[in-house]
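Colleague: Pasting a structure here, questions to come.
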């Protein structure tokens, strides 16, 4: 039996949580710029420029793009909230840093 389980310690959990927050923040910043500055305008321009799509379908496609962008912008906050919840639970749980309850 391993006496000092590093994965059970609060400090290790907070370190993992902070690294995960930094990683996901960087990924979100990069992909958010790509989606908002490039992908969304190009997609809407291509939909609008198409002569084969009627106006009612264009409006549905625009609504779908907006819905996806709202999902994308909201999903990062759910991930951040889960990581912070993990960090808070690790801070308030009972136990010692040696792995025992």
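A short reminder: the numbers here are calculations on the coordinates, not readings from a lab. Here the structure is a predicted model, which means the values were calculated and not measured.
Colleague: Need one word for segment 18-89: rounded, prolate or oblate. Basis is the Cα gyration tensor (sqrt eigenvalues a ≥ b ≥ c); a/c below 1.5 gives rounded, then a/b vs b/c decides. Walk me through the numbers before you get to the answer.
Modeller: Values: a/c = 7.41, a/b = 2.59, b/c = 2.86.
The shape class here is oblate.
Colleague: Still on this structure, please answer the following. State the extension gain, in nm to one decimal, for the chain segment bounded by residue 20 and residue 32, taking 0.36 nm per residue of separation less the distance between their alpha-carbons.
Modeller: Details: separation 12, 0.36 × 12 = 4.32 nm, distance 1.75 nm.
Extending this stretch completely gives an extra 2.6 nm.
Colleague: At 0.36 nm per residue, minus the direct Cα-Cα distance, what do residue 39 and residue 10 gain on full extension? Give it in nm, one decimal, please. Intermediate values should be presented prior to the final figure.
Modeller: Details: separation 29, 0.36 × 29 = 10.44 nm, distance 4.06 nm.
Computed gain between residue 39 and residue 10 is 6.4 nm.
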